[in-house]
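Novice: Structure provided below as structure tokens; questions to follow.
Please treat every number below as a calculation from the coordinates, not as lab data. Keep in mind it's a predicted model, so treat the numbers as computed, not measured. Reconstructed Cβ throughout: ideal geometry from the backbone, glycine too, with neighbour counts over all protein chains shown.
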Amino acid sequence: MRVLVAVYSKTFNTLKLANAIKESTGADLTRIEDRKAHGFIFSGLLAMLRWKTAIKPCRTDLKDYDMLILCCPSWARMPPGAVNRYMADLKNVEGKKLAVAVTMGSTGGDQVTGRIRKVLEKKGMRYIDNLVLRMDDVQKGAYFQSAGQFAARVKSKAAMPYVVEETKQKVGRVMRILNALIKIVK
């Protein structure tokens, strides 16, 4: 299985995580970089407005890959503008698997994952897993184990036929609902 790790990282925290994931999965890596540098406040504003900022050339055609692992920070609970542009520019994604890794200062990782998932599922990708880490864990070096566990989960889930994974997710939702009903009845 050919895997591409695409990473946007302004402070190199997300790049450290992406490199650990790359090493654990044997993936190729492409850097998503702003064509023009913006300050953090302006970049955060562009993310909140869901702008697609210009990016330098990078690998956006997934014809030679089976899976994309997209890594980025959470900016104001949104993907950065460069990541929005990257997602818009992706080609040959229909039926490819998707995993997402997000770094964050304090909150927003799940919201960013959800937004990325929604955009790329509309393009035909199949979401399989995510990882959300706080930046201070990356800065302390406490991300290696999480990256390794994430890579193992992704490889395992990517090997499953989609129908099996989809059925497993539906059964899991039904079980959570049944457990909630049992708690109410007690």
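Novice: What's the angle, to the nearest 10 degrees (0 to 90), between helix 162-185's Cα axis and the longest principal axis of the chain?
Specialist: Here the helix axis deviates by roughly 60 degrees.
Novice: Using only the alpha carbons of the chain, determine the length spanned along each of the three principal axes and report them from longest to shortest in whole angstroms.
Specialist: So the extents along the principal axes, rounded to whole Å, are 57, 37, 32.
Novice: For Lys63 and Thr107, FRET efficiency with R0 = 35 Å and r from the beta-carbon atoms, rounded to 0.05?
Specialist: E(calc), rounded to 0.05, equals 0.45.
Novice: Report Rg (one decimal) and Dmax (nearest whole number) for the range 53-93, counting Cα atoms only, units Å.
Specialist: Values for the range 53-93 (Cα only, Rg and Dmax): 10.9, 33 Å.
Novice: Just to check, using Stokes-Einstein with a Kirkwood Rh over alpha carbon pairs, what's the diffusion coefficient of the range 79-178 at 10 °C and 1.306 mPa s in µm²/s?
Specialist: Approximately 106 µm²/s, per Stokes-Einstein.
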